[in-house]
Amino acid sequence: MRFRAKIVDVACLNHFTRVINTIAKLAKTCTLRLTVDKLYFILTDKVANGGVSMWCELNQGNFFDEFQMEGVAAEHNEIYLELTPENLSRALKTAQNAKTVKIKLTNKHCPCLTVAVELPSLSSSSRIVTHDIPVGVIPRRLWNDFREPSVPDFDVSIYLPVLKTMKSVVERMKNLSNCIVLEANLNGEMNLKIETDLVSVTTHFKGLGNPPWEDGSQNSTQDRDPESMAEARIDIRKLLQLLAGQQVNPTKALCNIVSKRIVHFILLHEEVSLQYFIPALA
């Protein structure tokens, strides 16, 4: 089982750092799955996570100048590691104007991801800062726990408004309530609502548009009245965690609502896709 990778390009390094910072904001610990051509950061919907789950997928070729990996076996050419993303985020903070960053799976008293950052130096000798990040190796028998979540059979799929705008609205609402109702219809309309004994506040967004889904995901939306709202009441802090934590700056952002069950967010930016699932509250 071997893994080593290298980033030289500054733009790629900055982009990779932003993705890791986002993951660190969304998950205290997560699973890093390495395959020949992709990296995945996975959070499964355990009760300990408040039922939230995440699936972030990166094409390694768009970030790394070198990428070599040998999995646990020829027929299972993958590696699954348990990781604290905040540690990786901290290591990458020291790499802002690095010449190169190398990441390698090592064994130092315990399995580690070793991040070696080569910094610019005035003399001919190079300055290298090394971070050893402890990881847990997840055995093959548990891999099935980390499969990609399927897109739920949603009632409504809608593009999100500008995330900064949405974030500032939700930030204000957080002071008034712990939960928020997110509702949308097939007419490109979305409302964010909070209702308490003392106050009722709704923010309306119009003309957002509804994504065209090619596969069978839209069966449940075919006969739906375009004006009819699908809604889910979710934990406002979990929504804010996504809106405030994301540094992916997506070119496309959308959400799928399964009424009273789950809200599924998808943020897309060229070679990165981030899916985030927030369960509805009873």
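Worth pointing out:
- A simple count of charges around residue 183, restricted to other residues whose Cβ falls under 15 Å of its Cβ and scoring Lys, Arg +1 and Asp, Glu -1, yields 0.
- Normalised by the number of residues in the chain, the average gap of Cα pairs under 8 Å and 6 or more apart makes the relative contact order 19 percent.
- Carbon plus sulfur fraction of accessible area for the chain, probe 1.4 Å, in percent: 47
- Sequence ranges 115-125, 151-161, ranked by mean other-Cβ count within 10 angstrom, highest first: 151-161, 115-125
- In a fully extended conformation the segment linking residue 199 and residue 25 would gain 59.6 nm over its present Cα-Cα distance, using 0.36 nm per residue.
- Once backbone amide H atoms are built at 1.01 Å from N, residue 138 has 80, 81, 82 as its partners under 5 Å, excluding neighbours fewer than 5 places away on the same chain.
- Length-normalised contact order of region 111-225 in % [C-alpha pairs under 8 Å, at least 6 apart]: 21
- Most to least packed among 59-67, 82-90 [average Cβ atoms within 10 Å]: 82-90, 59-67
- Proximal charge balance of residue 225 [Cβ under 13 Å; K/R count +1, D/E count -1]: -3
- Averaging the Cα positions of each part gives two centres, and for region 226-282 and region 1-69 these lie 19 Å apart.
- Vicinal HN-Hα couplings computed from phi for region 167-173 (Karplus, 6.51 cos²θ - 1.76 cosθ + 1.60; Hz; Gly/Pro x): 4, 5, 5, 5, 4, 5, 5
- 0 to 90° range, to nearest 10: angle between helix 236-245 axis and the chain longest Cα axis: 40
- The Cα-based radius of gyration and maximum Cα-Cα distance (Dmax) for region 111-185 are 23.1, 62 Å.
- Per-residue ³J(HN,Hα) for region 70-81, Karplus 6.51 cos²θ - 1.76 cosθ + 1.60, θ = phi - 60°, Hz, x for Gly and Pro: 10, x, 5, 7, 4, 7, 10, 7, 9, 10, 10, 10
- Gaussian network model of the chain, Cα within-10 Å springs - most flexible of 55, 143, 213: 213
- For residue 62, the shell of other residues with beta-carbons less than 15 Å away shows a net charge of -4, using +1 for Lys and Arg and -1 for Asp and Glu.
- Straight-line reach from residue 164: taking Cα to Cα under 25 Å and skipping same-chain neighbours fewer than 8 places apart, the lysines in range are 25, 28, 93, 174, 193, 206, 238, 252.
- For residue 100, distant residues with modelled amide H under 5 Å away: 118
- Looking at region 4-70, the trypsin sites (Lys or Arg not before Pro) that sit in a DSSP loop and have at most 13 other Cβ atoms within 10 Å of their own Cβ are 28, 46.
- Over the C-alpha atoms of the chain, the Rg to Rh ratio, Rh being the Kirkwood estimate, stands at 1.02.
- Once the 1.4 Å probe is applied to the protein heavy atoms, the chain comes out at 50 Å² accessible per residue.
The values are calculated or read from the model by the stated rules, or taken from the named source; none is laboratory data. In this text the structure is predicted, and so the values were computed from the model without any measurement. Using ideal geometry, Cβ is built from the backbone for each residue, glycine included, and neighbour counts are taken over all protein chains shown. Ligands, DNA and RNA are excluded from the accessible area calculation, which covers all protein heavy atoms including side chains. Shrake-Rupley method; radii C 1.70, N 1.55, O 1.52, S 1.80 Å.
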